[in-house]
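> Questions regarding the structure given below will be posed in turn.
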Amino acid sequence: MQLTRFSDLALRLLLYLAGHDKPMETTATVRAVSELFNVPYTHMVKVTHQLGRKGWLTTTKGKGGGLRLSRPPEEVRIGEILRTTEPANDVIDCFTQACPLRSACTLKEALDRAYEAFFRELDQYTLADVAAMPALQKLIQISL
């Protein structure tokens, strides 16, 4: 399983904001974050827009505007983020191209259970937990 590029960028952005000393007061611009992570500005605009619509970010336009976290990082579970950013697809598709094993297949059930276990494991970590990594702290210091 591989996360979508959208989820990857969403996690990077949220981690960056959560990693600051005062994360609920930290405001960043889309341009600054896209340059920091070396990703296209247009991609980061889409990510920011969706995270704002889903309630993860508060965005403000105009001079002095930017984006900031909507909830304290200690209250945000990584699994919760990924459940909203990853498409709600099955791990395998048994229906588009009809599978003769579909009615008696235990593989699909096992994969679906493993997929849910993936999210449950990530629910053990908050945004604050993963934002405490030393490499992120160094990156934040460089960006200031």
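We did not get these values from a lab; they are worked out from the coordinates using the rules stated. What you see is a predicted model; the values in this text were computed from it and never measured. Counting neighbours? That spans all protein chains shown, and the Cβs are built from the backbone with ideal geometry, glycine included.
> So which of PHE118, PHE95 ends up being more than 14 Å from LEU11 (Cα to Cα), in contact (Cβ under 8 Å) with a residue 40 or more places away in the chain and not acidic (Asp, Glu)?
Criteria check complete, one pass: PHE118.
> Of everything in the range 77-100 that's of a type in the set (A, V, I, L, M, F, W, C) and over 20 Å from TYR115 (Cα atoms), which residue is surrounded by the fewest Cβ atoms within 10 Å (Cβ to Cβ)?
Of the range 77-100, the ones of a type in the set (A, V, I, L, M, F, W, C) are 78, 81-82, 88, 91-92, 94-95, 98-99.
Now drop any that are not over 20 Å from TYR115 (Cα atoms), which leaves 98-99.
Working: ALA98: 7, CYS99: 14.
Only one residue fits best here, namely ALA98.
> Could you check the range 1-12 and list, in sequence order, the residues that are under 16 Å from GLN137 (Cα atoms) and either touching a strand residue (DSSP E or B) at 6+ places or on another chain (Cβ under 8 Å) or assigned to a loop (DSSP other than H, G, I, E, B) (or both)?
Selection gives nothing.
> Can you tell me how many residues within the range 30-47 are assigned to a loop (DSSP other than H, G, I, E, B) and within 15 Å of LEU15 (Cα to Cα)?
1
> Is at least one residue of the range 99-110 part of a loop (DSSP other than H, G, I, E, B), more than 29 Å from ARG12 (Cβ to Cβ), without any contact (Cβ under 8 Å) to a residue 60 or more places away in the chain and not hydrophobic (A, V, I, L, M, F, W, C)?
Yes.
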